[in-house]
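Novice: Here it is, the structure, as structure tokens.
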Amino acid sequence: MSEENHLPATALLGFGTMGHALATGLLAQGLATPETLRVGARRPDVARAHAEPLGLTAVHPEEAADHAQILVLAVKPRDVDGLLHRLQEAGALDHHPLILSIAAGVGTASLAERAPGCAIVRAMPNTPCAIGKGVTVICAGPGAEARHLDLARRIFGCMGSVMELDEKHMDTVTGLGGSGPAFIYLVLEAMAEGAVMRGMPRAVALELAARVALGASEMLLATGRHPASLRDDVTTPAGCTIAGLLALEDGRIRSVLARGVETAAKVAGELAS
Ligand SMILES: NC(=O)c1ccc[n+]([C@@H]2O[C@H](COP(=O)([O-])OP(=O)(O)OC[C@H]3O[C@@H](n4cnc5c(N)ncnc54)[C@H](OP(=O)(O)O)[C@@H]3O)[C@@H](O)[C@H]2O)c1
């Protein structure tokens, strides 16, 4: 990829599960190089073990942020405030970089308070970003212009799909998009167990369940049809599918899954406090 496609100098602050996934995606897609992307870690010596295999340098956050035009905050929500305070004290925000935060439950207003004069964009990716199959929802915060949102779209677009929503939905996005993979894994595990109970080898059952979920999701996206209508196609009168669906509804699967998302969204809103 040509140099003009590279992102401006970027600091990845926090190098855990998501930080590592972001770095891997940005490097793989040629949006960043080890020269343009630096890792800022609380414990650089520990982070180096994971950063160096990617060719990246891990330094203290102030050092990483100093000349970066984009700061990606990938620390836990409770650590965001302290990190921004530390950067501000060190003068590492004086050049007003774009702050791109993926921290769940941390609103753009509180980010702007800690980073005055910086444009703020909030984003919620999910773990399938690690293999380029994620979905990220972005929203504009104080000072964010179209060019800042474009940068966020480029960053997360190399790891899957990107959607844009108003900030009022971001905790709900966390409950559905951020936590969602965990819910789907639980459903896949449970569906596979039904087949294991019938004697199917576990590995085969899991692969079959995952491929079924993949196909059903692709079908919904490709046709734009409502899930109830697609479900009707599978549900022959007096057949086996309606028997299975009624058993699931007896277990209140619909409200259980809906409440799972609702509960995760509520807790997401409390994570930073
Ligand atoms: N995991 C997900 O599915 C997911 C999805 C969407 C969004 N998110 C958001 O992504 C963020 C990171 O989540 P994660 O799962 O990647 O967490 P994680 O694996 O715990 O990683 C957080 C990293 O931040 C580092 N850190 C803590 N304080 C720091 C500081 N002051 N300066 C620099 N680095 C610091 C930690 O280092 P130490 O080990 O040294 O403390 C750790 O490496 C969270 O805000 C979360 O809400 C996560």
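Novice: Report the convex hull volume per residue for the chain, counting only C-alpha atoms, in Å³.
Specialist: Residue-normalised Cα hull volume stands at 151 Å³.
Novice: To continue, here is another question. Starting from a Cα-only point model with no solvent, please compute log10 I(q)/I(0) by Debye for segment 180-268 at q = 0.14, 0.17, 0.23 1/Å.
Specialist: Results for segment 180-268 at q = 0.14, 0.17, 0.23 Å⁻¹ read -0.62, -0.93, -1.43.
Novice: Go ahead and set up a Gaussian network model of the chain, Cα springs under 10 Å, then flag whichever of T108, T223, T241 fluctuates most.
Specialist: Of the options given, T223 has the highest mean-square fluctuation.
Novice: Roll a 1.4 angstrom probe over the protein heavy atoms and tell me the percent of accessible area of segment 180-268 that is carbon or sulfur.
Specialist: Solvent-exposed carbon and sulfur of segment 180-268 make up 68 percent of the total.
Novice: Quick one: order V135, V39 from most to least accessible surface, probe 1.4 Å.
Specialist: V135, V39
Novice: Just to be sure I understand: with springs between alpha-carbon atoms less than 10 Å apart, which residue in L186, L87, L37 has the highest mean-square fluctuation in the Gaussian network model of the chain?
Specialist: Of the options given, L186 has the highest mean-square fluctuation.
Novice: Which GluC sites (Glu not before Pro) in segment 1-79 sit in a loop by DSSP (not H, G, I, E or B) and have at most 16 other Cβ atoms within 10 Å of their own Cβ?
Specialist: Passing sites in segment 1-79 are E35.
Novice: Provide the net charge surrounding R38, with neighbours chosen by a C-beta distance below 10 Å and charges set as Lys +1, Arg +1, Asp -1, Glu -1.
Specialist: With Lys, Arg at +1 and Asp, Glu at -1, the neighbours total -3.
Novice: For segment 100-149, take the convex hull of the Cα atoms, compute a quarter of its surface area, and give me that in nm², please. Spell out each step's value before the answer.
Specialist: On the way: hull surface 14.6 nm².
Computing the convex hull of the Cα atoms and averaging its projections yields 3.6 nm².
Novice: If one computes P(r) from the Cα atoms of segment 144-210, what percent of pairs lie at distances over 15 Å?
Specialist: 66
Novice: Note down the net charge around D94, summing +1 for each Lys or Arg and -1 for each Asp or Glu among other residues with Cβ under 12 Å from its Cβ.
Specialist: -3
Novice: Roughly how many Å² of K266 are accessible to a 1.4 Å probe, to the nearest 10?
Specialist: Accessible surface of K266 is approximately 130 Å².
Novice: Then there is this: Hey, any idea what Rg/Rh is for segment 29-162, computing Rh the Kirkwood way over Cα pairs?
Specialist: 0.94
Novice: Still on this structure: Over the chain, give the accessible area per residue in Å² for a 1.4 Å probe, as an integer.
Specialist: 55
Novice: Counting other C-beta atoms within 10 Å, and keeping those with at most 16, which DSSP coil GluC sites (Glu not before Pro) do you find in segment 176-273?
Specialist: Loop-located and lightly packed - E270.
Novice: With label points built 7 Å along Cα→Cβ from the Cα atoms of A190 and L246, find their separation and express it in nm.
Specialist: My value for the distance between the label points is 2.0 nm.
Novice: Same structure, new question: Which helices count as membrane-span-like in the chain under these terms: full DSSP H, at least 24 Å along the axis by C-alpha, Kyte-Doolittle mean of -1.0 or more?
Specialist: 180-197, 202-223
Novice: Along the charge dipole of segment 154-273, Cβ charges K/R +1 and D/E -1, which of C240, S161, A210 sits furthest on the positive end?
Specialist: C240
Novice: Would you tell me the accessible area of L176, worked out with a 1.4 angstrom probe on the heavy atoms of the protein chains, in Å² to the nearest 10?
Specialist: Rounded to the nearest 10, the figure is 110 Å².
Novice: While we're here: Given the DSSP H assignment, sum -39500 (n - 2.57) over each helix run of at least 4 residues in the chain and divide by its residue total; what's the result at 222 nm in deg cm²/dmol, nearest 500?
Specialist: Helices in the chain give a 222 nm mean residue ellipticity of -15000 deg cm²/dmol.
Novice: With an 8 Å cut-off on Cα pairs and a minimum separation of 6 or more residues, tell me the relative contact order of the chain in percent.
Specialist: Once normalised by length, the contact order is 15 percent.
The values are calculated or read from the model by the stated rules, or taken from the named source; none is laboratory data. All values derive from a computational prediction rather than experimental measurement. Virtual Cβ from ideal backbone geometry, glycine too; neighbours counted across all protein chains shown. With ligands, DNA and RNA removed, areas are computed over all heavy atoms of the protein, side chains included. Shrake-Rupley method; radii C 1.70, N 1.55, O 1.52, S 1.80 Å.
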